[in-house]
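Okay, so here's the structure we're looking at.
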Amino acid sequence: MWGAIIGAIGAGLSLFSSLKGKEAAEEQGEAAAAEKQRVAEYNTNISLKDADTMREAARLEEFKYGIQLIQKTNQQLDMMGAIDVAYAKSGVSVGTGSSLDVAMESAREGALNTELIRFNGMNAAAYRRSQAESYELSASYGIRDAAIAASNIMETAKAEGNAIFLSGMGKTATSVYSLGNDLGWFSSTTE
């Protein structure tokens, strides 16, 4: 009988231990989930800062191509003026014949160059904006994925805690049943 009593005390301690194990598993799950969220928030902040950086880079690209356009236009005007002066000095009429062809070709080339500068600048700015959007998407997906992972961690921790508790309950029930048998709780009293 003393063996059964000691067994029941052991089962009680086992039950207490399983309750503590359940609490510990859930606390570990909460800590892991919180860490997952913290890391996601940190990474999100980095992604959002990267997005801001890319937007600023896009503005700089637009500014840069604007300056290049002004410079190219000024160069083109200077060149056209120099051509006019050179023809005028030599006595050639600028508005006719091959001198007109040269001036028109120079103007066409200048226009193509300025359009190429504009096109390249707009593409560079659009690329930077696209990168900014990519960083923003990464940030939003990171938060969402972290929330899902944190939820899964918590569910797993609860399941582990419940398994520990149920195992302790099973051991306790077995010990109580053994004690009850030893004390005759389950024997038939009808004779």
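Below is a table of values for the structure above.
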{"read-out": "Pairs with Cβ under 8 Å, 6+ apart, first in region 82-99 and loosely packed, with under 11 Cβ neighbours inside 10 Å, second modelled with pLDDT under 70", "value": "93/99"}
{"read-out": "Residue match in region 42-51 (condition: among the aliphatic types (A, V, I, L, M), in a helix (DSSP H, G or I), within 30 Å of residue 116 (Cα to Cα) and touching a residue at least 40 places away in the same chain (Cβ under 8 Å))", "value": "yes"}
{"read-out": "Filter result for residue 110 (touching a residue at least 12 places away in the same chain (Cβ under 8 Å), over 30 Å from residue 139 (Cβ atoms) and among the small types (Gly, Ala, Ser))", "value": "yes"}
{"read-out": "Yes/no for residue 170 being part of a helix (DSSP H, G or I) and closer than 30 Å to residue 10 by Cα", "value": "yes"}
{"read-out": "Candidates 103, 125, filtered to the one that is modelled with pLDDT of 85 or more and crowded, with 16+ Cβ neighbours inside 10 Å", "value": "125"}
{"read-out": "Selection status of residue 173, among the aliphatic types (A, V, I, L, M) and farther than 25 Å from residue 3 by Cα", "value": "no"}
{"read-out": "Filter pass, residue 33 being over 30 Å from residue 158 (Cβ atoms) and crowded, with 17+ Cβ neighbours inside 10 Å", "value": "no"}
{"read-out": "Exclusive hit being at pLDDT below 85 and under 30 Å from residue 162 (Cβ atoms), set 25, 33, 11", "value": "11"}
{"read-out": "Count - residues of region 60-81 that are without any contact (Cβ under 8 Å) to a residue 40 or more places away in the chain and closer than 19 Å to residue 108 by Cα", "value": "10"}
{"read-out": "Where a residue in region 141-155 is under 13 Å from residue 34 (Cα atoms) and its partner, wherever it lies, is of a type in the set (Lys, Arg), with Cβ under 7 Å and at least six apart", "value": "146/36; 149/36; 150/36; 153/36"}
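The values are calculated or read from the model by the stated rules, or taken from the named source; none is laboratory data. Keep in mind it's a predicted model, so treat the numbers as computed, not measured. Positions of Cβ are generated from backbone atoms using ideal geometry, with glycine treated the same way; all protein chains shown enter the neighbour counts.
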